[in-house]
Amino acid sequence: MKLDSKTNYGLPIVLIGLLLTSLATFYVSKKNSEEDKLRFEYEMNFIIRRIQARMENYEGALIQTRAFILNSPTIQRENLRNYIKDTQIFRRFPGLQGIGVAQIVKKENLGRHEKTLKKDVEYYQVWPEGFRNIYTPINVLEPSDKRNRKALGFDMYSEPERRKAMDIARDEDKAMMTEKIILVQEDKGERLPGFNLYLPFYKNESDFSTLQGRRNNIVGFVYSPFRTHELFNAIFSEIDSKLDVEIFAGNKIDEAHLFYDSTPPINLKKKANGLSATKTLILNGQDITLKFYESKEFRRAQTFAKIFFVAVGGLLVTLLLLWLYLLTRKQMLLARRVAEENEKLLLKEKAHVEARDDFLSIASHELKTPLTSLKLQGEVMKRMINKGDEKALSKEKVINLVNHIENQTTRLTRLVDDMLDISRIRTGKLRVEKSQIELCEVVNDVIDRLKPQFAKNSITVPQVESDAKIIGNWDRFRIEQVVTNLLTNAIRYGKNNPVKVRITKLPPYACIEVIDQGIGIAKENVGKIFDRFERAAMSANEVSGLGLGLYITNQIVLAHKGRIEVESELGKGSTFKVLLPLSD
Ligand code: ADP
């Protein structure tokens with residue numbers, strides 16, 4: 001991975017993180033809805049199987065009762081009641097609301113039938129009134145509670161829905177369910193939906209293998225009335241269903257055909273957003289339509305929690321990655337910067353060591369030159385004296401010798417002073433002792449002292465350009481040293497061209513400018529000339545020097561809380577500006 005301060009992978013990390021989070025969230029929610037669909041399908045099939053099994057059970061109860069009836073000599077209420085008690089049929093088939101028998105009575109036998117039945121139940125009477133060819137009244141109906149007693153004698157064949165089911169049951173010898181009916185047991189106000197389940201029974205030992213045989217030999221029906229509400233409530237109470245169900249008789253989905261609604265009132269458009277499905281099944285010869293909807297409890301809280309967890313988890317991981325990346329990046333950049341700085345310091349140190357080595361060789365050369373010269377002069381004099389040469393001690397010779405000695409010692413003193421200053425600066429002992437001085441006077445003094453050098457280089461002694469006296473608190477000796485260094489450099493590097501000195505007030509500074517028209521300094525060297533032992537490459541070869549002057553000069557100015565500026569162009573000359581604060 002490329003690492004620099006400009007390259008930042010933060011945004012791509014966030015984008016990739018967000019993309020992956022969205023994909024994961026999408027995947028989880030898709031997976032969830034697939035799971036929901038499977039769960040819905042499973043619960044739906046489970047409910048259907050339970051309803052089918054329950055109805056098969058009821059059919060079984062009727063078959064069992066039919067077997068008992070066929071083997072009883074007469075169909076009496078007492079017998080049926082005992083049978084029900086013995087077999088505990090209502091306990092074994094929960095939801096079964098009654099078991100009854102309806103015998104077919106031809107019109108000519110109606111009177112006898114009623115008479116016989118009245119023996120058992122005195123209020124027994126076939127109803128509704130009217131002449132019909134055959135009657136199929138309810139003879140017995142257990143349990144004999146108030147509601148069921150109300151149904152006794154009802155000619156079920158007189159009612160078309162019931163007749164239709166009875167005819168099919170008879171013709172096909174099977175348990176047959178009616179469509180939606182209102183049971184005769186119901187009170188007027190409470191007209192709840194229900195259905196009857198009929199099972200035919202035929203004359204003993206008769207042939208009912210053919211349709212005609214079944215029609216001729218039919219005796220009656222064992223039947224069960226069902227209030228759909230109670231029936232389905234009983235079924236659903238046994239299973240923990242998470243689906244809402246609406247059950248319709250037949251294939252029409254409307255209020256008129258509604259058998260059962262787990263969450264009334266019926267709303268055919270409800271939960272259009274959720275899962276729903278319609279199934280049709282045949283229960284005891286009758287079409288039943290079931291409409292399933294997901295209930296409120298269907299969508300488990302954990303489904304949303306899962307999606308939420310993935311989304312929030314993804315975001316947190318993204319932020320964590322971003323944080324880690326930024327942290328690592330910051331540390332790596334820091335480490336890199338430290339390494340770079342160390343490298344720079346090393347190079348600088350190396351350059352310093354090289355410059356110091358140069359300095360040592362130059363310094364020894366500079367020290368040796370005046371000493372060699374003095375030694376040579378001394379030897380010449382000694383030889384002349386030994387030879388008895390009278391000229392050796394002539395006034396002229398002695399003056400020359402003294403001048404020479406003075407020059408060389410001045411040179412040596414300057415050299416040693418510079419080296420002492422360097423060591424003072426290094427140890428922080430360069431002190432400035434301030435007193436009130438006038439700048440033009442100090443500069444003029446220095447120029448006076450340097451007159452011989454100007455003369456030696458054929459340069460006119462410069463006149464200080466100044467508007468007024470500038471008085472300040474500075475170290476006279478050190479300011480002299482600064483001006484001396486700048487003027488000496490202007491002489492040395494000035495190509496014998498005139499030198500200008502200007503003193504001005506630039507509040508809050510006093511400014512001394514030394515301007516020459518000499519060799520100038522290359523741009524790349526301007527920044528270095530104030531360093532220790534640094535000499536601009538070109539000049540170094542041409543003019544002797546230790547590369548200490550400007551370093552010391554700068555340190556003196558800095559100790560005065562001032563600064564030095566240089567403007568220079570190679571080959572055209574240089575301007576050195578010393579800015580000294582006018583007040584402390
Ligand atoms: P030295 O002159 O002994 O080498 P300085 O510290 O006085 O040391 O100067 C450092 C370098 O700056 C010199 O070697 C020279 O290259 C350059 N320099 C200083 N003054 C001038 C000037 N007036 N003109 C051109 N170059 C200069």
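The values are calculated or read from the model by the stated rules, or taken from the named source; none is laboratory data. Just so it is clear, the structure is predicted and the values come from calculations on it, not from any experiment. Reconstructed Cβ throughout: ideal geometry from the backbone, glycine too, with neighbour counts over all protein chains shown. The area values use the complete protein model at the heavy-atom level, side chains included, leaving out ligands, DNA and RNA. Shrake-Rupley method; radii C 1.70, N 1.55, O 1.52, S 1.80 Å.
Filtering segment 73-122 to residues that are part of a strand (DSSP E or B) and either hydrophobic (A, V, I, L, M, F, W, C) or loosely packed, with under 14 Cβ neighbours inside 10 Å (or both) leaves Ile99, Val101, Ala102, Val105, Lys106. Contact map, segment 57-79: first residue touching a residue at least 24 places away in the same chain (Cβ under 8 Å), second residue among the small types (Gly, Ala, Ser), Cβ cut-off under 7 Å, separation 6 or more or different chains; pairs are Tyr58/Ser224; Glu59/Ala175; Leu62/Ala175; Leu62/Ser224.
Condition check ((1) open to solvent by 80 Å² or more (accessible area, probe 1.4 Å); (2) closer than 30 Å to Ala175 by Cβ; (3) hydroxyl-bearing (Ser, Thr, Tyr)) across all residues:
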| site | (1), (2), (3) |
| --- | --- |
| Asn8 | no, no, no |
| Leu15 | yes, no, no |
| Ser22 | no, no, yes |
| Lys30 | yes, no, no |
| Asp36 | no, no, no |
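Phe308 meets each of the listed conditions (1) touching a Leu at 6+ places or on another chain (Cβ under 8 Å); (2) among the aromatic types (Phe, Trp, Tyr); (3) more than 30 Å from Leu258 (Cα to Cα) apart from (1). Note on segment 427-512: enclosed strands (runs of 3 or more DSSP E) holding 2 or more residues that are open to solvent by 40 Å² or more (accessible area, probe 1.4 Å) and either within 16 Å of the ligand (Cβ to nearest atom) or more than 14 Å from Leu580 (Cα to Cα) (or both) are 464-466, 500-506.
Filtering segment 158-179 to residues that are in a loop (DSSP other than H, G, I, E, B), open to solvent by 50 Å² or more (accessible area, probe 1.4 Å) and either over 15 Å from Ser224 (Cα atoms) or acidic (Asp, Glu) (or both) leaves Asp173, Glu179. Condition first: assigned to a helix (DSSP H, G or I) and buried (at least 17 other Cβ atoms within 10 Å of the Cβ). Now tell me which residues in segment 277-302 satisfy that. If the condition is that a residue be assigned to a helix (DSSP H, G or I) and buried (at least 17 other Cβ atoms within 10 Å of the Cβ), then no residue fits.
Taking segment 516-526 as the range and being more than 9 Å from the ligand (Cβ to nearest atom) and closer than 24 Å to Lys456 by Cβ as the test, only Gln517 passes.
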